[in-house]
Amino acid sequence: MSTPIGSLGSGLGGGVELTISNITKEMLRRGHKVKIVAPQGSIGSSLPIKEIPGELQIPAQNQTRSQPIFIPKNSVLANMWDYARLVQADYDVIVNFAYDWLPLYLTPFFNCPIAHLISMGSLTDAMDEIIEQVAINFPGTIGVHSQTQAATFTFAERCICLLNGLDLSIYQFCPEPTQSLAWVGRIAAEKGLEDAVAAAEIMGITLKIFGLKQDVSYWEKICQEYPDAPIEYVGFLPTVELQKELGQCRALLITPRWIEAFGNVAIEALACGVPLIAYRRGGLREIVQEGKTGFLVEPDSVQGLVKAIKRLDQLDRQACRQQAETLYSLEAMGDRVEQWFQKILKK
Ligand code: UDP
């Protein structure tokens with residue numbers, strides 16, 4: 001069950017889009033039968049998708065803690081779960097990738113077990129409450145991507161940490177990069193792009209920017225504030241093209257203002273041999289191997305980014321690829337996810 005905030009391939013779903021496609025590919029390779037249920041307009045190359053019409057959910061990222069749950073008329077989320085109810089007898093497990101209240105609330109009403117892969121940390125009281133209820137009443141069904149993400153909830157010890165994984169055969173190792181730096185992600189306030197732009201300006205090094213302009217006014221504000229910064233907006237690229245461009249960069253700057261649950265872009269960079277310069281926040285704290293595959297920087301410190309950029313020569317691109325192969329291959333992720341499903345089924 002995909003995210004209801006955008007169709008697959010639109011970029012609106014952020015890292016969840018890649019995660020769904022990767023887990024599906026690996027489960028199919030292992031001989032499981034899988035169907036993705038996603039909003040209408042979804043594209044997933046050769047993956048089996050059931051498209052569902054309806055109004056999209058609004059993203060949870062910008063909501064205040066006390067905000068009530070919002071579900072529009074003709075909700076795609078509700079329509080997707082109606083479909084799940086009808087076909088549940090055909091499946092052993094339903095996997096929920098939506099950071100939404102409804103699927104968690106519906107858990108006790110389904111006969112088929114539901115595994116919830118929670119893609120963000122604590123954001124609103126209503127979501128915290130419903131995730132905790134499911135964690136208590138259906139032990140082992142709440143999956144997360146990092147320990148740091150789990151620690152944002154009061155029930156961290158009830159969460160199963162799955163990290164994430166990539167089809168490494170798509171990502172080519174690039175041993176000799178250009179001078180450019182990269183920034184990859186949804187262009188939205190919680191991603192803190194302006195700090196990477198400021199660091200690039202101080203250093204006088206080109207910053208290539210890849211990603212969906214989710215918040216256009218935020219992007220325009222950055223362009224106005226840094227009219228002379230050496231930035232190049234490349235666009236929102238499909239994975240195959242993204243990895244080619246990203247691989248040629250000297251480092252990936254990751255500058256989130258929020259607690260990033262994991263950071264798919266970090267492991268995609270590592271897979272291409274690109275070291276990380278990241279704020280010491282969220283899942284990035286667990287991904288970056290300090291002084292080996294990247295540098296962790298004091299959050300919100302542009303000077304910290306600048307200092308780290310100056311030390312980039314100390315990092316080994318081969319070690320970056322190696323880390324991706326050891327921890328973030330599809331096989332490694334598939335093992336973790338399959339074990340998670342098996343434990344749920346045993347219960
Ligand atoms: N992405 C992409 N093309 C681009 C820029 C980004 O496909 O040009 C994808 C990237 O591969 C990653 C996702 O956007 O999977 C961003 O995910 P991340 O976990 O870093 O952050 P989120 O958006 O989920 O907060």
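Take the Cβ atoms of Ala319 and Leu86, set R0 to 56 Å, and the FRET efficiency comes out at 0.70. Straightening the chain between Tyr226 and Gln40 buys 63.2 nm, computed as 0.36 nm per residue apart minus the Cα-Cα spacing.
Per residue and in Å³, how big is the convex hull formed by the alpha-carbon atoms of region 1-103?
So the per-residue hull volume is 100 Å³.
Given N residues in the chain, what is its alpha carbon radius of gyration divided by 2.2 N^0.38 Å? All intermediate terms of the calculation are to be shown ahead of the outcome.
Values: Rg = 19.7 Å, N = 347, 2.2 N^0.38 = 20.3 Å.
After normalising by residue count via 2.2 N^0.38 Å, the value is 0.97.
Could you give the length gained on full extension between Lys307 and Arg65, defined as 0.36 nm per residue of separation minus the Cα-Cα distance, in nm?
Going from the current span to full extension adds 83.6 nm.
Above 15 angstrom, tally the Cα pairs of region 285-347 and express them as a % of all pairs, no decimals. Pairs farther apart than 15 Å: 64 percent. Separation of region 165-242 from region 105-126 is 32 Å, based on Cα centroids.
Over the chain, what is the mean sequence separation of C-alpha contacts under 8 Å (at least six apart), divided by residue count, expressed as relative contact order in percent? Each step should come with its number before you reach the end.
Details: 708 pairs, mean separation 53.8, N = 347.
The value is 16 percent.
Relative to the first principal axis of the alpha-carbon coordinates of the chain, what is the inclination of helix 193-203, with its axis defined by its Cα atoms, in degrees from 0 to 90 and to the nearest 10? Approximately 20 degrees, to the nearest ten. Per residue, the convex hull spanned by the Cα atoms of region 195-347 measures out at 131 cubic angstrom.
What pairs in Lys25/Lys208; Lys208/Lys307; Lys221/Lys310; Lys244/Lys307; Lys33/Lys343 have C-alpha atoms more than 22 Å from each other?
Details: Lys25/Lys208 30 Å; Lys208/Lys307 19 Å; Lys221/Lys310 27 Å; Lys244/Lys307 27 Å; Lys33/Lys343 18 Å.
With Cα atoms farther than 22 Å apart: Lys25/Lys208; Lys221/Lys310; Lys244/Lys307.
In degrees between 0 and 90, to the nearest 10, how far off the longest principal axis of the chain does helix 330-346 point, with axes built from Cα atoms? Rounded to the nearest ten degrees, it is 30. Helix 76-87 and the longest principal axis of the Cα set of the chain meet at an angle near 50°. A 1.4 Å probe over all protein chains sorts Ile267, Ile231 by accessible area into Ile231, Ile267, starting with the largest. Based on protein heavy atoms only, the chain ends up with 43 Å² per residue of surface accessible to a 1.4 Å probe.
Give the separation of the Cα centroids, region 47-76 to region 1-44, in Å. Each part's Cα centre sits 16 Å from the other's. Let me make sure I get this right: for region 136-210, a, b and c are the square roots of the gyration tensor eigenvalues over alpha carbons, sorted descending. Under 1.5 in a/c it's rounded, otherwise prolate if a/b > b/c, else oblate. Which is it? Cα axes put region 136-210 in the oblate bin.
Rg/Rh for region 155-198: what does it come to with C-alpha atoms and Rh from Kirkwood? Show your work: numbers first, answer last.
Details: Rg = 16.4 Å, Rh = 14.8 Å.
Reported Rg/Rh (Cα atoms, Kirkwood Rh): 1.11.
Percent of C-alpha pairs per 5 Å bin in region 162-251, short distances first: 3, 13, 23, 23, 19, 12, 6, 2, 0.
The values are calculated or read from the model by the stated rules, or taken from the named source; none is laboratory data. What you are looking at is a predicted structure, and each value in this text was computed from that prediction instead of being measured. Note that each Cβ is placed from the backbone with ideal geometry, even for glycine, and that neighbours are counted across all protein chains shown. Only protein heavy atoms, including side chains, enter the accessible area calculation; ligands, DNA and RNA are left aside. Shrake-Rupley method; radii C 1.70, N 1.55, O 1.52, S 1.80 Å.
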